[in-house]
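What follows is calculated from the coordinates using simple rules that are stated; it is not laboratory data. Remember, it's a predicted structure, so these values are computed and weren't measured experimentally. Ideal geometry is used to build each Cβ from the backbone, glycine not excepted, and the neighbour counts take in all protein chains shown.
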Amino acid sequence: MESSLHQQLKQHYAGDGATEVTLGDFRIDAIRSDELIEVQCASLSAIRKKCDKLLKRHRLRVVKPVVIRTRIVKCKRVGGAVTSRRLSPKRGSILDLFEEMIYFNGIFPHPNLVLEVPLLNVEQIRVPRKKKSRWWHKDYRVADVSLESIERSIELREARDLLRLLDLPQRLDRFDTAEIAKAIDRPRWFAQQAAYVLRKTGAIEQVERKRSGVIYQRAA
């Protein structure tokens with residue numbers, strides 16, 4: 001079932017345009033002027049083929065939200081009384097996008113594509129799970145997620161826009177993933193994911209291989 005968050009974002013980005021429009025074999029979330037809008041709260045991999053086909057003939061804006069802060073609301077049942085309300089200690093970051101972009105290589109960048117990343121504060125409704133079907137399942141389920149606010153939104157149009165998200169020091173003419181990890185204060189495995197995405201999109205290029213790892217530089 002579609003979440004409240006998805007519905008709210010569709011209306012927000014459609015503005016005065018139409019929502020839930022049939023276009024050929026596809027159902028489009030919204031159309032504003034001559035731009036198609038796809039809101040993707042789930043993995044980008046799910047709309048990869050759809051985007052590939054739409055981009056051949058249409059201007060497309062893919063809205064991929066990143067949750068920055070979550071307010072957890074526990075209820076006895078769906079629509080029932082609230083038993084607790086608190087902010088999750090877990091915080092999101094625009095850098096989380098790189099984990100998703102692994103599945104969007106070959107789609108972004110594209111001259112007909114704008115990837116918009118709104119940074120959200122959301123409310124998550126949790127209700128008790130009647131029965132745990134697997135031992136690793138939590139004792140609750142998420143009944144709904146809704147939008148509290150949009151802190152800001154970032155538009156990505158070119159590969160270099162992705163590189164700017166890392167905010168690497170300009171002194172780093174050449175760098176490996178260890179230096180990326182240090183600059184963004186993330187584990188090296190995450191820096192390796194980011195480097196993979198940046199190389200595949202053409203934002204950086206491999207220039208040398210040393211015992212310490214691959215050396216990259218910004219693409220011309």
Pull out a ≥ b ≥ c, the square roots of the eigenvalues of the alpha-carbon gyration tensor of the range 159-220, then state rounded if a/c is under 1.5, prolate if not and a/b is larger than b/c, and oblate in the remaining case. rounded
Please give the contour-minus-distance gain from residue 102 to residue 81: 0.36 nm per residue of separation, less the Cα-Cα distance, rounded to one decimal in nm. 3.5 nm
First measure r as the distance between the Cβ atoms of residue 94 and residue 23, then evaluate 1/(1 + (r/R0)^6) with R0 = 22 Å and state the FRET efficiency to the nearest 0.05. 0.15
Applying a 10 Å radius around every beta-carbon, put 60-73, 178-191, 161-174 in order of their mean neighbour count, most first. 60-73, 178-191, 161-174
Could you work out the helix-only [θ] at 222 nm for the chain, with each DSSP H run of four or more residues adding -39,500 (n - 2.57) and the total divided by the number of residues, to the nearest 500 deg cm²/dmol? -6500 deg cm²/dmol
Against the longest alpha carbon principal axis of the chain, how many degrees, from 0 to 90 and to the nearest 10, is the axis of helix 4-14 turned? 60 degrees
Give the relative contact order (percent, whole number) for the chain; include only Cα pairs under 8 Å separated by 6+ residues. 16 percent
Per the C-alpha gyration tensor (a ≥ b ≥ c, the square roots of its eigenvalues), the chain is rounded if a/c is under 1.5, else prolate if a/b beats b/c, else oblate; here it's oblate
In whole Hz and in residue order, list the ³J(HN,Hα) couplings for the range 194-211 that follow from phi through the Karplus curve 6.51 cos²θ - 1.76 cosθ + 1.60, θ = phi - 60°; x for Gly and Pro. 4, 5, 4, 4, 5, 6, 5, 8, x, 7, 10, 9, 7, 10, 6, 10, 10, 4
